[in-house]
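Before any comments, here is the structure.
What follows is calculated from the coordinates using simple rules that are stated; it is not laboratory data. Since we're looking at a predicted model, the values are computed, not measured.
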Amino acid sequence: MKKLSVLLALAGVVSTAAAVDLAGNTGKVNVSMCIGCHGIPGYKATFPEVYSVPMLGGQSQTYLENALKAYQKGERKHPTMQGIAGSLSDKDIAELAAYYAQQK
């Protein structure tokens, strides 16, 4: 995950400074690769087709974990999300899901 964040930061896509401490969690979760699309209200992606990008804040933790694991397995089809999810460990997925489930 760090390598992907560094590559994206070097490409000017995201900032690696977006690591966030989770309440009650000793680790850190890096949301910088998520906020570029999922943090913009009303954002529409155009690859591989035009669609509205969902906001993640307030979604169920279980739903988010299952969605990321489905992207990892190829059960959900989206090249960008498959690449991002594929770079995440189970711990990363749990921390990201917990973080976004706590958002409003």
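The string of couplings for segment 92-99 from the Karplus curve (6.51, -1.76, 1.60, θ = phi - 60°) is 4, 4, 4, 5, 4, 4, 5, 4 Hz, one whole number per residue in order, with x for Gly and Pro.
Near the amide H of Val29, within less than 5 Å, lie the amide hydrogens of Val20, Leu22, all on another chain or at least 5 residues away, with H placed in the peptide plane.
With a/c under 1.5 counting as rounded, go ahead and sort segment 52-104 into rounded, prolate or oblate using the C-alpha gyration tensor (a ≥ b ≥ c being the square roots of the eigenvalues; past the cut-off, prolate if a/b is larger than b/c, else oblate). Taking the square roots of the gyration eigenvalues as a ≥ b ≥ c, segment 52-104 is oblate. Residues in segment 52-61 carry Karplus couplings, in order, of 7, 7, x, 6, 8, x, x, 5, 5, 4 Hz; the curve used is 6.51 cos²θ - 1.76 cosθ + 1.60 with θ = phi - 60°, and Gly or Pro positions show x.
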